[in-house]
Each structure stands twice: as structure tokens, then as C-alpha cells.
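The values are calculated or read from the model by the stated rules, or taken from the named source; none is laboratory data. All figures in this text were calculated on a predicted structure; none of them were measured in a lab. In this analysis, Cβ positions are derived from the backbone assuming ideal geometry, glycine residues included, and neighbour counts consider all displayed protein chains.
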């Protein structure tokens with residue numbers, strides 16, 4: 001019930017914003033209560049990890065009077081851990097090159113439930129790592145100079161010394 005259909009997306013394409021889905025566990029020091037759900041995390045002992053939302057965002061007392069005026073309750077769903085690391089074959093940096101399958105939630109599924117098979121994720125990482133070029137690249141580069149980046153660092157940082 002939380003899929004947003006928007007203009008500008010090609011039919012059959014799913015986009016996920018990794019800026020949503022912030023979380024904390026009950027035992028964690030209280031951090032950003034403006035944007036984090038409280039979650040439980042359980043290990044099945046076989047490489048599987050399950051995350052469930054225990055509580056959404058709610059108003060709280062603080063030195064900022066606006067913290068009592070919070071009207072939203074949804075901190076989103078954490079998805080970064082559900083996508084295995086994919087080393088880009090050209091640059092070697094982390095990219096998300098995966099295909100996803102969207103299916104209707106089952107009778108025991110709740111909004112915010114996540115399950116991750118870290119064994120399978122590690123196998124996926126090794127498959128993609130095998131496609132990358134070893135460092136350094138031509139002329140001692142660690143990443144191609146032509147590779148577009150937001151907030152591109154100084155050119156000398158692209159070279160291994």
C-alpha cells in the first residue's frame with residue numbers, strides 16, 4: 001500500500017530512494033527521532049536477517065518545541081541492506097545493478113518487513129567483483145576520469161600512488 005506511481009518512470013521500472021527508511025533499534029542511543037522508525041533485527045543463524053518495524057515516528061519532548069508537533073508517523077522502509085553490493089565492472093565502485101521482483105504481500109507480511117540472505121548477497125558480490133578490473137587502471141587511475149560524479153573530487157584523488 002506504499003507504492004507511488006509517478007510520471008517520468010518507464011512502465012516496468014522500479015526506483016527506490018535510499019534516503020528513506022531510516023531506523024534504530026530499541027537498545028540504541030536515541031538518535032534522529034524526527035525520521036527513524038524503531039525496529040527489531042533478528043538473525044536466523046543461517047545468514048538470514050529479518051527486520052520488523054516496531055514503532056513509527058511520533059512526537060517527543062525536546063528543547064525544540066517543534067518536536068511535539070510531529071504529525072507524520074512513517075519513517076519509510078530500509079532497503080539498502082536488501083540489495084547486494086554490486087562492484088561496477090568499469091569503475092569498481094558500488095552500484096546497484098539488480099533486477100527486482102515486486103509481488104503482492106502475503107497474509108503474514110507487514111509494512112516495513114525486510115528479510116536479507118547475507119550468504120546469497122555475498123555470492124552476488126563475488127560474481128560482480130569477478131567482472132571488475134584490478135587496480136590500478138591505465139596511468140595509475142583507481143577510477144576513470146570521465147566517470148560522472150556529483151560533487152566530483154579533485155582530479156589527483158583519482159590516482160593511486
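See the values below:
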{"item": "Considering residues of segment 48-95 that are part of a loop (DSSP other than H, G, I, E, B) and in contact with a strand residue (DSSP E or B) (Cβ under 6 Å, 6 or more places away or on another chain) only, the residue farthest from residue 141 (Cα to Cα)", "result": "56"}
{"item": "Test: residue in segment 35-47 that is closer than 25 Å to residue 98 by Cα, surrounded by 12 or more Cβ atoms within 10 Å (Cβ to Cβ), in the same structural domain as residue 121 (by TED's automatic domain parsing) and touching a helix residue (DSSP H, G or I) at 6+ places or on another chain (Cβ under 9 Å)", "result": "yes"}
{"item": "Selection count, segment 6-46, where residues are part of a loop (DSSP other than H, G, I, E, B) and closer than 17 Å to residue 79 by Cα", "result": "11"}
{"item": "Among the residues listed as 129, 141, the single one being at pLDDT below 90, surrounded by 13 or more Cβ atoms within 10 Å (Cβ to Cβ) and in contact with a helix residue (DSSP H, G or I) (Cβ under 7 Å, 6 or more places away or on another chain)", "result": "141"}
{"item": "Sole residue being in a loop (DSSP other than H, G, I, E, B), at pLDDT 80 or above and within 18 Å of the chain's Cα centre (by Cα), chosen from 106, 112", "result": "112"}
{"item": "Whichever residue in segment 57-103 is surrounded by 15 or more Cβ atoms within 10 Å (Cβ to Cβ) and within 12 Å of residue 34 (Cβ to Cβ) and, among such residues, is nearest to the chain's Cα centre (by Cα)", "result": "75"}
{"item": "Filter result for residue 134 (free of Cβ contacts under 8 Å to residues at least 60 places away in the same chain, loosely packed, with under 12 Cβ neighbours inside 10 Å and farther than 22 Å from residue 76 by Cβ)", "result": "yes"}
{"item": "Search result, residues across segment 139-161 that are under 16 Å from residue 94 (Cα atoms) and in contact (Cβ under 8 Å) with a residue 12 or more places away in the chain", "result": "142, 143, 144, 147, 158"}
{"item": "Scan of segment 18-38 for residues that are more than 24 Å from residue 66 (Cα to Cα) and touching a residue at least 24 places away in the same chain (Cβ under 8 Å), ordered by number", "result": "18"}
{"item": "Among the candidates 103, 61, residue that is over 17 Å from residue 25 (Cβ atoms) and touching a helix residue (DSSP H, G or I) at 6+ places or on another chain (Cβ under 7 Å)", "result": "61"}
